[in-house]
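The values are calculated or read from the model by the stated rules, or taken from the named source; none is laboratory data. All values derive from a computational prediction rather than experimental measurement. Reconstructed Cβ throughout: ideal geometry from the backbone, glycine too, with neighbour counts over all protein chains shown. We work out accessible area using only protein heavy atoms, side chains counted, and drop any ligands, DNA or RNA first. Shrake-Rupley method; radii C 1.70, N 1.55, O 1.52, S 1.80 Å.
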Amino acid sequence: ATPIHSTLLQIIIITKHKTTVKMSDNKLRCALVYRLESSGPSDSGESGIALSNLSGNCTLLAKYDHASDYEGSGGGGGLYGDRDKNYAEAVGMVVGNDPPSGLGEEGVIGGFKICISDAHQVIYGADSEGLCLAIVTGLKYPSRTAISMLTELYTPYSEQFALQAKSATTNSLTKKSKKILSQLCTKYDDSTKVDKASALNSKVEAVQATMQDNIAAMLKNTEQAESLAERSNQLNEQANVFQKKSKDLKKQMRCKNIKMTIILVTLVVGVLVIILVPLIVRAKNAAKGGRMLRGFLEELGEA
């Protein structure tokens with residue numbers, strides 16, 4: 001989108017007291033019908049509008065605010081903030097400044113253009129008679145689906161209102177066009193139901209999301225497994241250290257037990273020696289004294 005188009009498109013969702021709201025979604029917002037004005041007759045003298053004769057002006061014939069059906073809250077609510085919905089004028093300025101091109105074949109809508117801003121997008125096209133159809137969507141709404149909608153809308157709309165559109169005044173066909181515009185907007189509200197490619201993309205995105213979740217879960221499980229393995233290794237190392245320490249402690253306790261046994265044996269032997277040696281000495285002395293006494297008595301007896 002050119003700078004002037006981006007500026008014009010901002011008007012669509014700016015109200016007197018509210019700031020811009022970005023339509024970063026895949027919603028269908030509104031449908032509009034314009035008449036491209038010509039500054040003169042066709043150069044070839046045939047019916048229709050010559051590209052060189054477009055005056056840069058367009059007249060709003062009908063508009064349908066589809067967003068208000070599911071976003072309106074009554075009393076000045078809705079997508080555009082209040083009842084002063086100037087989005088139709090802003091889109092008309094976009095179309096007038098850059099009208100559809102390649103309007104050659106009669107009874108066929110073409111020359112589609114897509115004007116994208118940082119808030120939303122406008123898709124529009126026209127026929128050789130200057131009947132221009134436009135829709136405003138969120139940024140994620142597929143442009144091919146929008147063009148399909150305009151193409152489908154053109155046939156019944158041109159059949160019913162082609163003659164009236166040539167001379168209709170501003171906004172004079174809004175009520176008459178509401179039924180057909182609302183039907184097409186309702187049909188194309190969910191792009192995945194009418195666009196196989198969009199549906200496939202949605203499925204692919206869903207599968208990608210599922211795969212990403214699965215991969216994330218696998219990575220998480222892998223991290224947990226690695227963490228468990230690391231903890232297991234740590235526990236094994238701690239067990240080995242504990243086993244080694246227990247063996248060392250067992251050896252130390254065995255050595256202590258041996259030492260204590262030796263000490264106890266030594267003490268017992270020492271005590272026994274201390275007790276028995278004097279007794280033995282006394283017993284020996286007593287025995288010696290007895291022998292001396294018997295010898296003395298024997299000597300007295302002989303005398």
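Computed FRET efficiency, Cβ-Cβ of K250 and N221, R0 45 Å: what is it to the nearest 0.05?
That gives a FRET efficiency of 0.60.
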Ignoring ligands, DNA and RNA, how do V271, V91 rank by accessible area with a 1.4 Å probe, largest first? V271, V91
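Give the percent of DSSP beta bridges with both residues in the range 111-256 that are antiparallel, rounded to the nearest 5. The partial results should precede the final answer.
On the way: 10 of 10 bridges.
Around 100 percent of the beta bridges assigned by DSSP in the range 111-256 are antiparallel ones.
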When the chain is fully extended, how far beyond the present Cα-Cα distance does E106 get from E205, taking 0.36 nm per residue of separation? 31.6 nm
To the nearest 10 Å², what's L267's accessible area with a 1.4 Å probe? 100
What figure in square angstrom, to the nearest 10, would you give for the accessible area of I116 with a 1.4 Å probe? 80
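Going down the table (K27/K176; K27/K166; K113/K187; K113/K203; K140/K175), which pairs top 26 Å between alpha carbons?
Result: K27/K166; K113/K203; K140/K175 exceed 26 Å.
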